[in-house]
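Participant: There's a structure below that I have some questions on.
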Amino acid sequence: MAIWRNRLADWLLKADKDLHSKIESKYPKTLDVAGRALQLAYRLISAPAFALLVTFLWVPLVATGVVGIIVYVSLMGAWFVAFITVTRCGFIKKLSIHTRFVVLVLIALSLYLGCNRFGDWAMSRYDAQVKQQAVAATKESKEAINGLSGRTDALGEKVEKLKNDTASLKEMVDKRNAALAKVEADQLKAAREQLNQSYIPSHSCPN
């Protein structure tokens, strides 16, 4: 049994090497361009200037508050950086071309699923926080409206009381004016009567 296992392992390794040699001999330029592109991408993302550029580009997004775009771009950037970093690992470079391709595809899918799951969790937490803040703001608004309504009612009562006081004061002024008018009329009448009684005719009849 062990002999058959060894033979199967040797056959698989030989087939893997033969397939690697065929692909390498058939597409030398394509493999060279792909390798150079991955190396260039790795050098680009590992450069300090690239980190500063990303930071400067990130400020407007944070200032505008577009959380969905920020989360999406962040996760896609993290996925890309992680994938490029994995492709430069020594273990990956030692694999044959087709095996390397399969492993990288599996790693890319795994990283994508992990980023997607993390993004869903982050957005759900953000939505929950926004809803909580909205509920708190609504509660504060209701309390403010209730307080304003109470103040309005109190102000309405004061205005009504002021109207009643104004009406009472007007009634008192009207009564006072009427009393003064009556007193003046009585005094004028008394003066006329007194004037009439003290009047002496200038012409008297002869006896």
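The values are calculated or read from the model by the stated rules, or taken from the named source; none is laboratory data. Small disclaimer: the values here were computed from a predicted structure and weren't measured. Cβ: placed from backbone, ideal geometry, glycine included. Neighbour counts: every protein chain shown. Calculation scope for accessible area: heavy atoms of the full protein, side chains included, ligands and nucleic acids excluded. Shrake-Rupley method; radii C 1.70, N 1.55, O 1.52, S 1.80 Å.
Participant: Using a 1.4 angstrom probe, figure out how much accessible area the chain has per residue, in square angstrom, rounded to the nearest whole.
Facilitator: Values: 17610 Å² over 207 residues.
About 85 Å² of surface per residue is accessible.
Participant: List the lysines whose Cα sits under 17 Å from the Cα of residue 139, skipping any in the same chain fewer than 8 residues away.
Facilitator: 131
Participant: Computed from these coordinates, which is semi-axes √(5λ) of the Cα gyration tensor in Å: [x] 35, 18, 15; [y] 29, 23, 19; [z] 111, 20, 10?
Facilitator: From the options [x] 35, 18, 15; [y] 29, 23, 19; [z] 111, 20, 10, the structure gives [z].
Participant: Can you tell me the 0 to 90 degree angle between the C-alpha axis of helix 2-26 and the longest principal axis of the chain, rounded to 10?
Facilitator: Between helix and principal axis, roughly 70 degrees.
Participant: Karplus couplings for segment 185-192 from phi (6.51 cos²θ - 1.76 cosθ + 1.60, θ = phi - 60°), rounded to Hz, Gly and Pro as x?
Facilitator: 5, 5, 5, 5, 5, 5, 5, 5
Participant: While we're on this one: So if I place +1 on the C-beta of Lys and Arg and -1 on the C-beta of Asp and Glu, and nothing else carries charge, what would the dipole magnitude of the chain be about its Cα centre? I want it in debye, nearest 20.
Facilitator: Details: 28 positive and 18 negative charges, 327 e Å.
Roughly 1580 debye, rounded to the nearest 20.
Participant: Let me ask another. Sorted by accessible area with a 1.4 angstrom probe, largest first, how do 89, 115 fall?
Facilitator: Working: 89 55, 115 20 Å².
Largest accessible area first, the residues go 89, 115.
Participant: Here is a follow-up. Between the helical axis of 67-87 and the dominant principal axis of the chain, each derived from Cα atoms, what acute angle in degrees is found, rounded to the nearest 10?
Facilitator: Once rounded, the angle reads 10 degrees.
Participant: Now, a different point. Round to the nearest 10 and give me the degree value, 0 to 90, for the angle of helix 48-64's Cα axis relative to the longest principal axis of the chain.
Facilitator: It works out to around 30 degrees.
Participant: OK, next. Straight-line reach from residue 182: which lysines fall under 19 Å, measuring Cα to Cα and dropping same-chain residues less than 8 apart?
Facilitator: Correct list for residue 182: 170.
Participant: Tell me the carbon and sulfur percent of the accessible area for segment 84-194, rounded to whole percent, probe radius 1.4 Å.
Facilitator: Details: 5640 of 9170 Å².
Exposed carbon and sulfur together represent 61 percent of the surface.
Participant: Further, regarding this structure: Please name which of 87, 121, 150 has its Cα lying farthest along the dipole of segment 52-207 towards the positive end, using unit charges on Cβ (Lys, Arg +1; Asp, Glu -1) and the Cα centre as origin.
Facilitator: The Cα lying farthest towards the positive end belongs to 87.
Participant: So which trypsin sites (Lys or Arg not before Pro) in segment 80-123 pass both tests, a DSSP loop state and at most 16 other Cβ atoms within 10 Å of the Cβ?
Facilitator: 88
Participant: At a probe size of 1.4 Å, how large is the accessible area of residue 52, to the nearest 10 Å²?
Facilitator: 100 Å²
Participant: Same structure again: Output ³J(HN,Hα) for segment 115-129: one whole-Hz value per residue in order, computed from phi by the Karplus curve 6.51 cos²θ - 1.76 cosθ + 1.60 with θ = phi - 60°, and x for Gly and Pro.
Facilitator: So the J values, rounded to whole Hz, are 5, 5, 5, 5, x, 4, 5, 5, 5, 5, 5, 5, 4, 5, 5.
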